[in-house]
Structure formats: structure tokens, C-alpha cells
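Input: a single structure, listed below in C-alpha cells.
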Amino acid sequence: MLVADQDQVFNCMDNRHASLFKKMLALYPTGKLLGFALQSVSDYFAYVYYENGKLVREYSGASEMGMIFDSGDPQREEMPYYENSEFVDGERVFKTISGTETYQEKGETMGMLMIHDICKKFLVSHLISRSISTVFRRCKSNFLPKENWEKFLH
């Protein structure tokens, strides 16, 4: 788990050639990497999922910009959303039900919900009924040692 400054995260989402992003992929060349960003003011969301250094899934959008990227096969965690979706006028819409009413939501609206489910791929086993300090203690073996941060970031 890498927690970074908002500008660093957004830069990694916008620029896959960013130094920090390339270093993260290099640390785990045969592993799995999930990068994600959320910005509630603009309803911006983005996630990228890599396995063995290869992009598997990318999904991003914002309320004012619409969908930015939707590439790769939806992951298992996204399937409940996709099972209730269809194309309307060339755009994917997701059906949601509230009481007796059925609504059609655009991808940029549903992405904020989907990102929480896609994060379960990595975080659910650590987060269920545990305090955040317990999560960090259990995950510390996956953290880059503190003395290597400066070297890693520059």
C-alpha cells in the first residue's frame, strides 16, 4: 500500500511515464498493482489495475467531463454493475433501483461506487473489523522501508 500526496496520485493517473509510477511498477514486476484516485468536488475517479507489469483494466471519469477511459475487461468486483447495464444511444448506462423506481446512471456516476468495490481486490481482508493501526501493522511487511523513501521518490 502506497499512500501519496494528491498531486502525485493524479500525476500517476494522467501520466504513466511519471517517475513515481514507473518506480512502483518496477518494485513489483511480477505482482499486482492497483492505482486509484478520487476527488469528490468534481466527482473525478480513476483506477488502473496491472498484473505482471501489464495494464489489465483502466476506468476513469468525472461528472463534468464524462467518461475518460474504459479499457480492458471489467474485473470480478465490477460485474454486479455491468450485469445491470446496457447501451443507450452508444453510451453504457447502469440501472439502479430505489424503492419501486428504476434509474439509468452514466458510467461517470457509477465509477465512484465501483472504485470502492475494485479496492476490495487488495484491501478487504485487512479492513474488515480492524482499526487502521492494525491494518498498517499487518501490512508493514509490504511497505517500503522508511529509510528508502527519499531514494524511491527521487
Could you list, in sequence order, the residues of segment 26-38 that are surrounded by 18 or more Cβ atoms within 10 Å (Cβ to Cβ) and farther than 13 Å from residue 114 by Cα?
33, 34, 35
Would you pick out the residues in segment 78-91 that are surrounded by fewer than 17 Cβ atoms within 10 Å (Cβ to Cβ) and not polar (S, T, N, Q)?
79, 80, 82, 83, 86, 87, 88, 89, 90, 91
Identity of the residue in segment 101-123, in contact with a strand residue (DSSP E or B) (Cβ under 6 Å, 6 or more places away or on another chain) and aliphatic (A, V, I, L, M), that ends up farthest from residue 47 (Cα to Cα)
110
From 35, 61, 99, 90, residue being touching a Gly at 6+ places or on another chain (Cβ under 9 Å) and either more than 23 Å from residue 123 (Cβ to Cβ) or modelled with pLDDT under 90 (or both)
61
Tally the residues that are crowded, with 16+ Cβ neighbours inside 10 Å, touching a helix residue (DSSP H, G or I) at 6+ places or on another chain (Cβ under 8 Å) and not β-branched (Val, Ile, Thr), restricting the search to segment 39-56.
6
Scan segment 108-115 and tell me whether some residue there is within 21 Å of residue 50 (Cβ to Cβ), at pLDDT 80 or above, under 17 Å from the mean Cα position of the chain (by Cα) and of a type outside the set (Gly, Ala, Ser).
yes
So, in segment 69-94, how many residues would count as being closer than 21 Å to residue 25 by Cβ and out of contact with any Lys or Arg (no Cβ under 8 Å at 6 or more places or on another chain)?
1
Consider only pairs whose beta carbons are under 7 Å apart and that are at least six residues apart or on different chains; among these, list those whose first residue lies in segment 20-48 and is touching a residue at least 40 places away in the same chain (Cβ under 8 Å) and whose second residue is part of a loop (DSSP other than H, G, I, E, B).
43/63
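The values are calculated or read from the model by the stated rules, or taken from the named source; none is laboratory data. Keep in mind it's a predicted model, so treat the numbers as computed, not measured. Positions of Cβ are generated from backbone atoms using ideal geometry, with glycine treated the same way; all protein chains shown enter the neighbour counts.
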